[in-house]
1. Only four residue types carry charge here, +1 at the Cβ of Lys and Arg and -1 at the Cβ of Asp and Glu. Report the dipole size of the chain about the Cα centre in Debye, rounded to the nearest 20.
2. Once you charge only the Cβ atoms, +1 for Lys and Arg and -1 for Asp and Glu, what is the size of the charge dipole of region 1-44 about its Cα centre, to the nearest 20 debye?
3. Expressed in nm to one decimal, what extension gain is obtained for the pair residue 15 and residue 105 from 0.36 nm per residue of sequence separation less their Cα-Cα distance?
4. Taking a spot 7 Å from the Cα of residue 34 along the direction of its beta carbon, which residues of region 92-108 have an amide N less than 16 Å from it?
5. Going by alpha carbons, how many degrees (0 to 90, nearest 10) lie between the helix axis of 17-30 and the longest principal axis of the chain?
6. Looking only at 72, 53, 93, which one moves most when the chain is put into a Gaussian network model with springs between Cα atoms under 10 Å?
Amino acid sequence: MAKFLLIESRDPFDNNVVARQYDLAVNLVKEGNEVTLFLVQNGVLPARPGAHSALLTATARSGVEVLADDFSLRERGIADNRLVEGVKAASLSVIVDQLANGRKAIWH
């Protein structure tokens, strides 16, 4: 089993490639891997209830750990207690820790 860290900084409202990143995360889990999807910058926008949050929630339900950068959330006025099901706020130190522990990273 491999461990992956996928970092998504793009907004799914502007970029259709984001859904493919979510699909990649789900498929990696289906193949028996451990996957964290870390949302930063505009990538945190679907972490609040709205049009694109259903796909993110489905990704979390599939077994992907979905984390949203707490600084990016605050910058966009999204409260930690208003995140959709399956998404947790976290600091960027998670990325550093996971990379230090040998995670394979993919950043979009």
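1. In debye, rounded to 20, the chain gives about 100.
2. Details: 4 positive and 6 negative charges, 19 e Å.
In debye, rounded to 20, region 1-44 gives about 100.
3. 30.4 nm
4. Those under the cut-off are 94-105.
5. With both axes taken from Cα atoms, the answer is about 40 degrees.
6. Fluctuation is largest for 93.
Laboratory data are not the source of any read-out in this text; all were calculated from the coordinates shown. Not measured: the values here are computed from a predicted model. Here the Cβ is made from the backbone with ideal geometry for all residues, glycine too, and neighbour counts use every protein chain on show.
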